[in-house]
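The values are calculated or read from the model by the stated rules, or taken from the named source; none is laboratory data. Because the structure is predicted, anything quoted here is derived from the model rather than measured. Here the Cβ positions follow ideal geometry from the backbone for every residue, glycine too, while neighbour counts run over all protein chains shown. We work out accessible area using only protein heavy atoms, side chains counted, and drop any ligands, DNA or RNA first. Shrake-Rupley method; radii C 1.70, N 1.55, O 1.52, S 1.80 Å.
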Amino acid sequence: MSRRSWRQLAIAGLLVAAGGGAWAVAPTASADDAPRITQLAGVTEGATLSGTARIEARTSGTVDRVEFSLSGASTATWTERDAPYYFLGNNGTVVPGWNAAAAPDGAYTLAVRAIGPGGTAQQTVRFTVGQRVGAPGATPATGGDVSAANPSISNGVATFTANKAIGKLSVPDSWTEIVIGAGVTLKGNFFIPANRTKALTITGRDKQTSQLTGDGPHVKDYARAGVTTEAKIKLTLRTYTSVNPRFYHMWAKNAHVVMSGMRYLDTRDLGSNNSDGFSGGDDSLIENTLIDTWDDSAKLYTGDLTIRDTTIVHNRNGAPIQMAWGDYGKGTAILDGLTVISNSSDGYNQGVFSWAGGTQADTRTIRIVGAGFVRKVNPGMVEAPLYAFKDGVKNKTIRVEGGDCAVVRSTSANTVQGVNTSGNKVVVTGCE
């Protein structure tokens, strides 16, 4: 299946269909290639939902991806790149679905877009959420229904419906999904045992109000990251906010991580904590995410990493993309929609792409899809260096493939060679 980015589609002159009810296509390829949404299974126009809805977009034509956007009393976004195209995904034959029982009552609209080389098709469906008589109430912004089981467990899904101090919660092997309700804040962290073999999903019902926050001061302890595991599993993180963890927001260097619709925030502002953002295993993905933390935002240590339609706020401490702190690691960062925003008025400890420590010859690659890397500067702030070699690092190469030459070319003004560094270089190829 083709894997064209939305930027390539835009260049090809494709139009996005708008409106609701029926799909529309703006073709630039053959009619057979044009994507179509033939059915939205699992929900009907005007329905009232009270349980779990397993919503599938069934398609025809050539489809690169299907994007879901839920608006209403609770919001969520989700992108699927392989059939079957389920809202909030699937693990093989297991389809967790969208749990209406944990969502606030009210009116909702789900917009679905199928995107392919031949155009874009769109459908919308409107429905309401209302709880059954005698069922637990929806989760209010004050922290949920404290009289209900918290979490409630059903078919391997643990749903938190009220605020709770969870401490270091060792995730039971029987749990396949953890749901953080809308308006719910959990204090503590999820620790996933290293011997786990089952896939795990941690999801929020609302990107902004479903929150996981630290339960104490900074401590340099990987077991106290917001989510931490040494297990070699598929780990899906989606649509919740991680705030001020005791250590990293997440540490899962052996896991295949899919992170979508997330917010990683640090509001402690002094940079005296190691609130690193993302550290996942080979072939991991970050998409539709905001990272605004006070140390390295994404680590390119343990294999290839794709970053798509994501914004990183570059504060004074740390690098948006950190190659390594020493002689270890490997990987290529594929940027298909990364915006980095400089956000310091008095300088930066690291550049956008940084390498610190180590003396052995090594190379990391930054591969930019189309115009998939953009830089901005917040008002009143100074622009960060683009490349930085620090802490005595020697003989390292940052290789950049593609992008806008004016943005990615290494110059004396945008490249920092720190004290006691030598033999380091930036090689740019294929830019336009």
Count - residues of the stretch 101-117 that are over 23 Å from the mean Cα position of the chain (by Cα) and assigned to a helix (DSSP H, G or I): 1
Complete set of residues in the stretch 290-319 that are of a type in the set (Val, Ile, Thr) and modelled with pLDDT of 95 or more: 291, 306, 307, 310, 311, 312, 313
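When you check residue 231 against the structure, is it more than 17 Å from the chain's Cα centre (by Cα), among the small types (Gly, Ala, Ser) and open to solvent by less than 10 Å² (accessible area, probe 1.4 Å), yes or no? First the steps, then the outcome.
On the way: more than 17 Å from the chain's Cα centre (by Cα): yes; among the small types (Gly, Ala, Ser): yes; open to solvent by less than 10 Å² (accessible area, probe 1.4 Å): yes.
Spelling it out, residue 231 is indeed more than 17 Å from the chain's Cα centre (by Cα), among the small types (Gly, Ala, Ser) and open to solvent by less than 10 Å² (accessible area, probe 1.4 Å).
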Tally, over the stretch 269-314, of residues that are among the hydroxyl-bearing types (Ser, Thr, Tyr) and out of contact with any Leu (no Cβ under 6 Å at 6 or more places or on another chain): 8
First in the stretch 402-413 and over 15 Å from residue 354 (Cα atoms), second anywhere and in a helix (DSSP H, G or I) and open to solvent by less than 20 Å² (accessible area, probe 1.4 Å), Cβ under 9 Å, 6 or more apart: 402/408
Residue count for the stretch 186-202, restricted to those that are out of contact with any Leu (no Cβ under 6 Å at 6 or more places or on another chain) and closer than 22 Å to residue 97 by Cα: 4
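Considering only residues that are touching a Lys or Arg at 6+ places or on another chain (Cβ under 6 Å) and in contact (Cβ under 8 Å) with a residue 60 or more places away in the chain, look in the stretch 357-371 and name the one that is surrounded by the fewest Cβ atoms within 10 Å (Cβ to Cβ).
The initial filter retains those residues of the stretch 357-371 that are touching a Lys or Arg at 6+ places or on another chain (Cβ under 6 Å), namely 359, 362-363, 365, 370-371.
In the following step, the residues that additionally are in contact (Cβ under 8 Å) with a residue 60 or more places away in the chain were identified as 370-371.
Working: 370: 20, 371: 17.
Applying the filter and picking the extreme gives 371.
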Counted residues, the stretch 156-197 - those being in contact with a helix residue (DSSP H, G or I) (Cβ under 8 Å, 6 or more places away or on another chain), farther than 19 Å from residue 215 by Cα and among the hydroxyl-bearing types (Ser, Thr, Tyr): 1
Unmet criterion (only one of (1) at pLDDT 95 or above; (2) on the phi > 0 side of the Ramachandran plot) for residue 271: (1)
Any hit, the stretch 416-424, residues being surrounded by fewer than 21 Cβ atoms within 10 Å (Cβ to Cβ) and either aromatic (Phe, Trp, Tyr) or within 27 Å of the chain's Cα centre (by Cα) (or both): no
Selection within the stretch 234-265 - open to solvent by 10 Å² or more (accessible area, probe 1.4 Å) and part of a loop (DSSP other than H, G, I, E, B): 244, 246, 248, 253, 254
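Just the residues that are assigned to a strand (DSSP E or B) and either touching a Cys at 6+ places or on another chain (Cβ under 7 Å) or surrounded by 16 or more Cβ atoms within 10 Å (Cβ to Cβ) (or both), please, taken from the stretch 167-186. Show your work before the answer.
Of all residues in the stretch 167-186, those assigned to a strand (DSSP E or B) come to 167-170, 177-180, 185-186.
Within the stretch 167-186, 169, 177, 178, 179, 180, 185, 186 qualify.
Report yes if some residue within the stretch 320-340 is among the charged types (D, E, K, R), at pLDDT 95 or above and touching a strand residue (DSSP E or B) at 6+ places or on another chain (Cβ under 7 Å); otherwise report no.
Within the stretch 320-340, the first condition is being among the charged types (D, E, K, R), and the residues that meet it are 327, 330, 336.
From the residues that got through so far, the ones that are at pLDDT 95 or above too are 336.
Then drop every residue that is not touching a strand residue (DSSP E or B) at 6+ places or on another chain (Cβ under 7 Å), which leaves 336.
Yes, there is a match, as at least one residue in the stretch 320-340 is among the charged types (D, E, K, R), at pLDDT 95 or above and touching a strand residue (DSSP E or B) at 6+ places or on another chain (Cβ under 7 Å).
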So residue 131, is it open to solvent by 10 Å² or more (accessible area, probe 1.4 Å), at pLDDT 90 or above and under 29 Å from residue 46 (Cβ atoms): no
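Hand me the list of strands (runs of 3 or more DSSP E) wholly inside the stretch 50-94 holding 1 or more residues that are open to solvent by less than 30 Å² (accessible area, probe 1.4 Å) and of a type in the set (Ser, Thr, Tyr). Before you say what the answer is, go through the steps one by one.
Details: elements: 56-60, 65-72, 76-80.
Fully inside the stretch 50-94 and qualifying: 76-80.
Just need a number here: residues in the stretch 217-251 that are small (Gly, Ala, Ser) and within 25 Å of residue 349 (Cβ to Cβ). Give the derivation first.
Filtering the stretch 217-251 down to residues small (Gly, Ala, Ser) leaves 223, 225-226, 231, 242.
After this cut, where a residue has to be within 25 Å of residue 349 (Cβ to Cβ) as well, the list is 225-226, 242.
Final tally of qualifying residues: 3.
If the requirement is being in contact with an Asp or Glu (Cβ under 6 Å, 6 or more places away or on another chain), among the β-branched types (Val, Ile, Thr) and at pLDDT below 90, which of these qualifies: 52, 79, 38?
Working: 52 fails: in contact with an Asp or Glu (Cβ under 6 Å, 6 or more places away or on another chain); 38 fails: in contact with an Asp or Glu (Cβ under 6 Å, 6 or more places away or on another chain).
Result of the check over 52, 79, 38: 79.
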Residue under evaluation residue 379, criteria (1) open to solvent by 30 Å² or more (accessible area, probe 1.4 Å); (2) modelled with pLDDT of 95 or more; (3) under 18 Å from residue 342 (Cα atoms); (4) out of contact with any Leu (no Cβ under 8 Å at 6 or more places or on another chain), criterion not met: (2)
Top-ranked residue of the stretch 390-415 - restricted to ones that are touching a Gly at 6+ places or on another chain (Cβ under 6 Å) and of a type outside the set (Asp, Glu), ranked as surrounded by the most Cβ atoms within 10 Å (Cβ to Cβ): 393
Scope the stretch 177-221; condition hydroxyl-bearing (Ser, Thr, Tyr) and either over 26 Å from residue 95 (Cβ atoms) or touching a His at 6+ places or on another chain (Cβ under 9 Å) (or both); matching residues: 185, 213
Scan of the stretch 70-107 for residues that are under 19 Å from residue 180 (Cα atoms) and among the hydroxyl-bearing types (Ser, Thr, Tyr), ordered by number: 71, 74, 75, 77
Condition met for residue 384 (assigned to a loop (DSSP other than H, G, I, E, B) and buried (at least 18 other Cβ atoms within 10 Å of the Cβ)): yes
